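Asker: Pasting in a structure now, in structure tokens, and then I'll have a few things to ask.
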Amino acid sequence: MPRMPDLMVVLPTYNETENLPLITEALFALPVNDLNILVVDDNSPDGTGQLADELAQQHAGRLHVLHRTEKSGLGPAYIAGFRQAIAMDAGLILQMDADFSHQPKYIPDMIARMNEGYDMVCGSRYAKGGSVDESWSFYRKLLSTFANRWYVRAILNIPITDATAGFRLWRRETLIGVDLSRVESNGYVFQVEMAYIAHKLGYKLTEIPIYFPDRKRGQSKMDIRIQREAAVETWRLRSRHGYLTPQMRKSLTSDNDELSD
Ligand SMILES: Nc1nc2c(ncn2[C@@H]2O[C@H](COP(=O)(O)OP(=O)(O)O)[C@@H](O)[C@H]2O)c(=O)[nH]1
Ligand SMILES: [Mg+2]
């Protein structure tokens, strides 16, 4: 049997032709053994999907592509990607944006932290030592810091300061235990929901500080509406998942169910 991949980087893309070749190159240059990439493309009109297929040929066996027929948001794209990464037997699964706001250089530190005995490691803009792009206005910084460091934490009591961050390293076992069919949200709430479920199930979450530069190429797909929605939805998460306990982790033996539902 071939040796199965250790780390699967799940990269969701929508119109990222400029970034995709650069980010794959940067990821493959990392001093990390058995790093594999799974691109999850939602039929990008700019041809990111075809470009990903070309890269998959160039890096046969190390870069894989999951094509989805339409843009249905970051949450569903990640769920599909996580399911496939689990099915491909990845031991560690990393989620990150394809636009370099999540800098590959932090990945070795995230893996090292994971090996200290955590179930999820998050790259955090608001942990001590972390920061965001200098171009952010005072108001934008204030809003994002308040939302992540105070608002979400106060409501959900999640032990990380950047609940909407999408730069996260998961253990395969954690993602199985979370039971992806429990997750319903999209956008920024998707990140909060994943962290909240994992926390309620008793998984050990931690974070390392990161600097978060704005994207240099391509365009953002998030807007103020999605942010406002996140503020309201945070309350719903508490009623939806607040009852969870560590006994309610999905059992590891039912692995393959992840694919069928
Ligand atoms: N597959 C897929 N990827 C998406 C979708 N929306 C955003 N992305 C990708 O998710 C990552 C983060 O999106 P971005 O627009 O940069 O969000 P922002 O950083 O919050 O402004 C990027 O790699 C995008 O290409 C989507 O609907 N489907
Ligand atoms: Mg971005």
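Throughout, read-outs are computed from the coordinates displayed, never taken from laboratory work. On a predicted model such as this, the values are computed, not experimentally measured, just so you know. No Cβ is skipped: glycine too gets one built from the backbone with ideal geometry, and neighbour counts run over all protein chains shown.
Asker: Rounded, prolate or oblate: which fits region 94-242 when a ≥ b ≥ c are the square roots of the eigenvalues of the alpha-carbon gyration tensor, with rounded for a/c under 1.5 and prolate only if a/b beats b/c?
Answerer: It is oblate, given that a/c is not under 1.5 and a/b is not larger than b/c.
Asker: Which of 38, 22, 142 comes first, and how do the rest follow, when ranked by fewest Cβ neighbours within 10 Å?
Answerer: Taking fewest neighbouring Cβ atoms as first place, the list is 142, 22, 38.
Asker: A further question on this structure: Specify which residue in the list 35, 151, 183 is farthest towards the positive end of the charge dipole of region 7-248, using unit charges on the beta carbon of Lys, Arg (+1) and Asp, Glu (-1), about the Cα centre.
Answerer: The one lying farthest along the dipole's positive direction is 151.
Asker: Any chance you could run the full-extension gain for residue 53 through residue 225? It's 0.36 nm times the residue separation minus the Cα-Cα distance, nm to one decimal.
Answerer: Working it through step by step, the gained length comes to 58.6 nm.
Asker: Which lysines, on any chain, are close to residue 71 with Cα under 22 Å apart, when same-chain ones fewer than 8 places away are left out?
Answerer: Within the straight-line limit of under 22 Å, residue 71 reaches these lysines: 221.
Asker: When a/c reaches 1.5 or more, the comparison of a/b and b/c decides; with that in mind, is the chain rounded, prolate or oblate per its Cα gyration tensor?
Answerer: rounded
Asker: Taking the Cα centre as origin and putting +1 on Lys and Arg beta-carbons and -1 on Asp and Glu beta-carbons, what dipole magnitude results for the chain, to the nearest 20 debye?
Answerer: For this selection, approximately 1020 debye.
Asker: Still on this structure: Under 18 Å from the Cα of residue 204, which lysines turn up, not counting those fewer than eight places away in the same chain?
Answerer: The qualifying lysines are 250.
Asker: With a cut-off of at most 11 other beta carbons within 10 Å, and DSSP calling the residue loop, which trypsin sites (Lys or Arg not before Pro) in region 99-148 qualify? Please list them.
Answerer: 128
Asker: At 0.36 nm per residue, and after removing the present C-alpha to C-alpha distance, how many nm does the segment from residue 133 to residue 72 gain when stretched out fully?
Answerer: 19.2 nm
Asker: Moving on. I need the calculated FRET efficiency for the pair residue 105 and residue 22, taking r as the beta carbon distance and R₀ as 22 Å, to the nearest 0.05.
Answerer: E between residue 105 and residue 22, to the nearest 0.05, is 0.95.
Asker: Gaussian network model of the chain, Cα springs within a sub-10 Å range: biggest mean-square fluctuation belongs to which of 42, 109, 119?
Answerer: Of the options given, 109 has the highest mean-square fluctuation.
Asker: Per-residue counts of other Cβ atoms within 10 Å, averaged by peptide: what ranking do you get for 61-73, 200-212, highest first?
Answerer: 200-212, 61-73
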